[in-house]
Amino acid sequence: QVQLVESGGGLVQPGGSLRLSCAASGIILRIYNMAWYRQAPGKERELVAAITTGGTPNYADSVKGRFTISRDNAKSTVYLQMNTLKPEDAAVYYCNKQQWPYHAWGQGTRVTVSS
């Protein structure tokens, strides 16, 4: 059974940093391009960052230069380092495959950016 468990969210002031983790079980993580997504209240889920099986990252324009995605296949974990956070980054963050069909979505981890 596939399980994706996101963690690391919280409340941070504008300009602050957080590191999100996504622990995957029930899958061989190294064979998938993976991604982080986020969903803010009243908005659709959007792709924030993706990483190929070979480790090549891609980012949405809104986070380029501030977020860094990485993966540790040995630990079956995907990370998202978020720096210089802005109020518009506030959302629930999820990880999953970059392409459909997706695995079952985890519960996500909430990021709140507020002073």
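Once the Cβ-Cβ distance between Q1 and Q39 is put in as r, and R0 is 22 Å, what FRET efficiency do you end up with, to the nearest 0.05?
0.40
Quick one: Karplus J couplings for the range 23-38, per residue in order, coefficients 6.51, -1.76, 1.60, θ = phi - 60°, nearest Hz, x for Gly and Pro?
With the stated coefficients, the range 23-38 comes to 8, 10, 9, x, 9, 9, 4, 5, 8, 10, 6, 10, 8, 9, 10, 9 Hz.
Can you check what the net charge comes to around M82, using other residues whose Cβ is under 14 Å from the Cβ of M82 (Lys, Arg +1; Asp, Glu -1)?
Once positives and negatives cancel, what remains is +3.
Please compute the contact order of the chain in relative form: average sequence separation of alpha-carbon pairs under 8 Å and at least six residues apart, divided by the residue count, as a percent.
Relative contact order here is 37 percent.
Quote to one decimal, in nm, the extra length available between T52 and A104 on full extension: 0.36 nm per residue of separation minus the C-alpha distance between them.
16.8 nm
For F67, list long-range residues whose amide hydrogen, built 1.01 Å from N in the peptide plane, is under 5 Å from its own amide hydrogen.
For F67, the qualifying residues are N83.
Could you run the Karplus curve 6.51 cos²θ - 1.76 cosθ + 1.60 with θ = phi - 60° over the range 86-96 and give me ³J(HN,Hα) per residue in whole Hz, x for Gly and Pro?
Computed from phi, the couplings for the range 86-96 are 10, x, 6, 7, 5, 4, 8, 9, 10, 10, 5 Hz.
Rounded to a whole number, what % of the accessible area of the chain do carbon and sulfur atoms account for, probe 1.4 Å? Please report the intermediate quantities before stating the final value.
On the way: 2900 of 6080 Å².
Roughly 48 percent of what the probe reaches on the chain is carbon or sulfur.
Can you give me the solvent accessible area of R45 with a 1.4 Å probe, rounded to the nearest 10 Å²?
90
With each pseudo-label sitting 7 Å past Cα toward Cβ, what's the L11-K75 distance in nm, one decimal?
The modelled label-to-label distance comes out at 2.7 nm.
For K75, what accessible surface area do you get with a 1.4 Å probe? Give it in Å², rounded to 10.
Looks like 140 Å² after rounding.
List every residue whose amide H lies under 5 Å from the amide H of C95, counting only residues 5 or more places away in sequence or on a different chain, with H placed 1.01 Å from N in the peptide plane.
Long-range HN contacts for C95: Y37, G106.
The values are calculated or read from the model by the stated rules, or taken from the named source; none is laboratory data. Owing to the predicted nature of the structure, the values given are computational and were not obtained by experimental measurement. As a convention, Cβ positions derive from the backbone with ideal geometry for all residues, glycine included, and neighbour counts pool all protein chains shown. Side chains are part of the model used for accessible areas, which takes the heavy atoms of the whole protein and leaves out ligands, DNA and RNA. Shrake-Rupley method; radii C 1.70, N 1.55, O 1.52, S 1.80 Å.
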